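Reviewing the structure listed below.
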Amino acid sequence: MAKLNLNRVPMPRQDPKKRGKNFNEVALGYSLEQAKEEASRCIQCPKRNCVTGCPVGVDIPEFINAIREGDMPEAVRMLKSKNALPGICGRVCPQETQCEATCSLAKKGAPIAIGRLERFVADWERANVGAAKPIDPPKPTGKRVAVVGSGPAGLTAAADLAKLGYSVTIFEALHVAGGVLMYGIPEFRLPKEIVQAEVDYVVSLGVKLELDAVVGKLATVDELLNNGYRAVFLGTGAGAPMFMNIPGENLNGIYSANEFLTRVNLMKAYCFPEYDTPVKIGRRVAVIGGGNVAMDSARCALRLGADKVYIIYRRSEAEMPARREEVENAMEEGIEFRLLTNPKQMLGDEQNWVVGIECYEMELGEPDDSGRRRPVVKEGSEFTIDVDMVVEALGTRPNPLVASTTEGLETTRWGTLVADEETGKTVKDKVWAGGDIVTGAATVISAMGAGKHAAADIDKFLRG
Amino acid sequence: MYKILLKQDLVPGIHLFRVAAPAVAKKAQAGQFVVVRIDEKGERIPLTIADWDEKEGSITIVFMEVGTTTARLALLKEGDAIADFVGPLGVPAHIEKFGTVVCVAGGVGTAVVAPIARALKQAGNKIISILGARSQDLIFWEDRLGSVSDQFIVTTDDGSYGRKGLVTEPLKELLESGEKIARVIAIGPAIMMKFCSLTTKPFGIKTIVSLNPIMVDGTGMCGCCRVLVGGETKFACVDGPDFDGHQVDWDLLFARQRIYLDEEKCSFEQWQKSVQG
């Protein structure tokens, strides 16, 4: 047996000093040589453990083998037969807890960089239009399916159903498709051109896109079902922001992460005034939260020109839900982490502008429901951080619009929809749901997995 | 794209568009709004639905030029198209038979009040309308609002037409007249809505206002439009835009409407330079 190669090919990245001042992508992607070198580390083990770690079941060893052999069109075909959005997944999937965690080389500390290879294949295809064989058009079933929401769950469900011959229409409330991929994740982590290209691919499969269409207002789910759609998939995400409910939160200069990121990413406020939508440029910015959205917000604030950006998080680094890679990126760029710190109230001036956050110091107590040690206030530890802008990245909950306008759906006390874990079937006839609307805010790939499973179940149902 | 079927310049600085949006027209109700984005580089702004025609498949919007987006919008002509036109958003106005309802309309707010007054009239209410403007040349839809009103009062700040003074004066007189008034609807500039609410409060008469904070998506996604009502934070886009005027924290609304004053000025100057070449 050949000796194991445990040297992962590193990802070339923009220099931290430079990238803190631009919105260009941080990770630059492999060259063909680098991709081949990384691919050749794969031992093609028969267990295919990596595939079991992938929520959409990509044939990972096969597409990696195609890269090693330099057969890029085949690599594209293998990858896209299971995943309609590889350029997105290759960038934002938490591979370290999924396929790369189950890779046979993970035990040796050097799993194959599956995500980077996936990204390479997607980028190669975009740069070599027409080189990969298009898939054969399916036989039309003549049946219409409505997909509500064009985020990762909706796009995946739509693509899979279109490939099975259904006539699919996606209804999207915003003016572009992509959901959180467009409004939430910043350009420097997921260029919008990539998202658009993958949305275009889904459209090329015959999927119809209805933008500016707010289901629940423009048409209800029942109206869709009465107007010729034989099934409806709800992939409306977790798009409503949460606030802390502490004094001073409505001061000027305090944003939900959703608002801040929507202004910056979707509305391109970083190009203001060329683009009409403004965003405040904070000098001293505090971002509250420890997830990926908090890291994204902090790094956007830095790129917009802040002198100082803090992450304020009530637990310690070990409990941070953000991807390790994103925490490291943020640290490298000079974001200051104020851990075991929790806001008590926001302080404002007489013009209603935020000027500071009064915080508590925290310490870790016994584990809570999430299994993480519960942060406890240190009494009398209050101190103030001077800021002129705050972004609250405390997580999101489902937008109640669809559930509140649809009879017969069941919701949990968190506002998520009740749906079968395997199939996404809701308790309402002909209605499926998947992604954050069911799980609460989670990952792009788990939403895609849910879209995939629901599409298969819808197909089974419509075949009768 | 959403085509402009008709454009009318109602008064200097206030324009009317009838826009082809059949799906929105099918669902629109009084008190709801649309979010408009002119083009690729445009911002999303909320505009109240002033009227709708399901048969024609059109929505009527009335807007005042106050900044870059509304100034850019005003340059569009019949036959031009708007990139995005999302709606109908927000909770419709509460319509039922209350008895006598006083509808107070200030400036461009007349276009918001008119369909609500019409719906209230159709529901069997007696409508007393008060239309206020700075001067005669800024008054529009007098006939529209008048035609659904049992009693109709016009005020101008400068006395050039109707009664000289503010809308709150005839409002107070009506409240003092002893006529049983079930409800007051006051829609116009925030400062007018605040003072109408202050006027009715001692009389304990429910007063509904339509709030107009800054919005982005208009569907409850961002929280930019948060207002404090009865001590609770609400999103005007999905919880409103109509609220109980006696419960609204007006100072917070005024402060939050000023968040982007500097940016708005910068954007407007930049735009002016670009159109002057």
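Scanning region A:420-442 for residues that are part of a strand (DSSP E or B) and not polar (S, T, N, Q) yields A:LYS425, A:VAL431, A:TRP432, A:ALA433.
Okay, residues lined up against (1) among the aromatic types (Phe, Trp, Tyr); (2) closer than 26 Å to B:VAL36 by Cβ:
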{"residue": "A:PHE233", "(1), (2)": "yes, no"}
{"residue": "A:ALA240", "(1), (2)": "no, yes"}
{"residue": "A:ILE246", "(1), (2)": "no, no"}
{"residue": "A:ARG283", "(1), (2)": "no, no"}
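Which one of these is out of contact with any Phe, Trp or Tyr (no Cβ under 9 Å at 6 or more places or on another chain) and of a type in the set (Lys, Arg): A:ARG144, A:ARG126, A:ARG119?
Working: A:ARG144 fails: out of contact with any Phe, Trp or Tyr (no Cβ under 9 Å at 6 or more places or on another chain); A:ARG119 fails: out of contact with any Phe, Trp or Tyr (no Cβ under 9 Å at 6 or more places or on another chain).
None of the other options fit; the residue is A:ARG126.
Within region A:250-271, track down each residue that is at the interface with chain B (Cβ under 7 Å from one of its Cβ atoms) and either surrounded by fewer than 22 Cβ atoms within 10 Å (Cβ to Cβ) or in a loop (DSSP other than H, G, I, E, B) (or both).
A:ASN250, A:ASN252, A:MET267
Residue under question is A:ASN65, and the condition is that it be modelled with pLDDT of 95 or more and farther than 24 Å from A:SER446 by Cβ; does it hold? Criteria met by A:ASN65. Of everything in region A:213-224 that is farther than 21 Å from A:GLY435 by Cα and hydrophobic (A, V, I, L, M, F, W, C), the residue that is nearest to the other protein chains (Cβ to nearest Cβ) is A:LEU218. Filtering region A:24-66 to residues that are free of Cβ contacts under 8 Å to residues at least 40 places away in the same chain, closer than 13 Å to A:PRO10 by Cα and not in a helix (DSSP H, G or I) leaves A:LEU28, A:SER31.
Within region A:294-326, the set of residues being out of contact with any Leu (no Cβ under 7 Å at 6 or more places or on another chain) and among the β-branched types (Val, Ile, Thr) comprises A:ILE311, A:ILE312. Name the single residue that is nearest to A:VAL279 (Cα to Cα) among those in region B:258-274 being facing another protein chain (nearest Cβ under 9 Å) and more than 25 Å from the chain's Cα centre (by Cα). The residue in question is B:CYS266. Among the residues of region A:307-322, those that are surrounded by 17 or more Cβ atoms within 10 Å (Cβ to Cβ) and either farther than 21 Å from A:MET244 by Cβ or of a type in the set (Phe, Trp, Tyr) (or both) comprise A:LYS308, A:TYR310, A:TYR313. Of all the numbered requirements in (1) within 17 Å of A:GLY239 (Cα to Cα); (2) crowded, with 17+ Cβ neighbours inside 10 Å; (3) among the charged types (D, E, K, R), A:ARG413 misses one, and that requirement is (2).
Condition check ((1) touching a residue at least 60 places away in the same chain (Cβ under 8 Å); (2) in contact with an Asp or Glu (Cβ under 8 Å, 6 or more places away or on another chain); (3) over 24 Å from B:LEU131 (Cα atoms); (4) within 11 Å of another protein chain (Cβ to nearest Cβ)) across all residues:
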residue: B:ASP9; (1), (2), (3), (4): no, no, no, no
residue: B:ARG37; (1), (2), (3), (4): no, yes, yes, yes
residue: B:THR48; (1), (2), (3), (4): yes, no, no, no
residue: B:ALA83; (1), (2), (3), (4): yes, yes, yes, yes
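Scanning region A:97-111 for residues that are out of contact with any helix residue (DSSP H, G or I) (no Cβ under 7 Å at 6 or more places or on another chain) and part of a helix (DSSP H, G or I) gives A:THR97, A:ALA101, A:LEU105, A:LYS107, A:LYS108.
Looking at A:ASN258, A:ASN250, can you tell me which residue is of a type outside the set (Phe, Trp, Tyr) and over 26 Å from the mean Cα position of the chain (by Cα)?
Values: A:ASN258 fails: over 26 Å from the mean Cα position of the chain (by Cα).
Only one candidate qualifies: A:ASN250.
Of the set (1) more than 7 Å from chain B (Cβ to nearest Cβ); (2) under 20 Å from the mean Cα position of the chain (by Cα); (3) under 25 Å from A:ALA330 (Cβ atoms); (4) crowded, with 24+ Cβ neighbours inside 10 Å, all apply to A:GLY239 but (1). What about B:GLY67, is it within 11 Å of another protein chain (Cβ to nearest Cβ), surrounded by 23 or more Cβ atoms within 10 Å (Cβ to Cβ) and either of a type in the set (D, E, K, R) or touching a helix residue (DSSP H, G or I) at 6+ places or on another chain (Cβ under 9 Å) (or both)? Taking the combined requirement at face value, the residue does not satisfy it. Only a single item in (1) within 14 Å of chain B (Cβ to nearest Cβ); (2) charged (D, E, K, R); (3) assigned to a helix (DSSP H, G or I) is not met by A:GLU274, and it is number (3). Only residues that are in a loop (DSSP other than H, G, I, E, B) and under 30 Å from A:PRO10 (Cβ atoms) were counted in region A:112-159, giving 6. Residues that are within 23 Å of A:LEU261 (Cα to Cα), surrounded by fewer than 20 Cβ atoms within 10 Å (Cβ to Cβ) and within 10 Å of chain B (Cβ to nearest Cβ) within region A:177-212 comprise just one, A:LEU211. Highlighted here are the helices (runs of 4 or more DSSP H) found entirely within region B:61-177 that include at least 2 residues which are under 28 Å from B:VAL275 (Cβ atoms): B:68-74.
For region B:18-35, what are the residues that are out of contact with any Leu (no Cβ under 9 Å at 6 or more places or on another chain) and either facing chain A (nearest Cβ under 8 Å) or not in a loop (DSSP other than H, G, I, E, B) (or both)? Matches in region B:18-35: B:PRO22, B:ALA25. Each residue in region A:18-29 was checked for being surrounded by fewer than 14 Cβ atoms within 10 Å (Cβ to Cβ), under 29 Å from A:PRO111 (Cα atoms) and of a type outside the set (S, T, N, Q), and 1 pass. Of all residues in region B:70-114, those that are at positive phi and surrounded by fewer than 24 Cβ atoms within 10 Å (Cβ to Cβ) total 3. When region B:206-249 is filtered for residues that are within 11 Å of chain A (Cβ to nearest Cβ), in contact (Cβ under 8 Å) with a residue 40 or more places away in the chain, among the aliphatic types (A, V, I, L, M) and not in a loop (DSSP other than H, G, I, E, B), only B:VAL238 remains.
The values are calculated or read from the model by the stated rules, or taken from the named source; none is laboratory data. The structure presented is a predicted model; accordingly, all values stated were derived computationally and were not measured. Please note: Cβ atoms are built from the backbone with ideal geometry, for glycine as well, and neighbour counts cover all protein chains shown.
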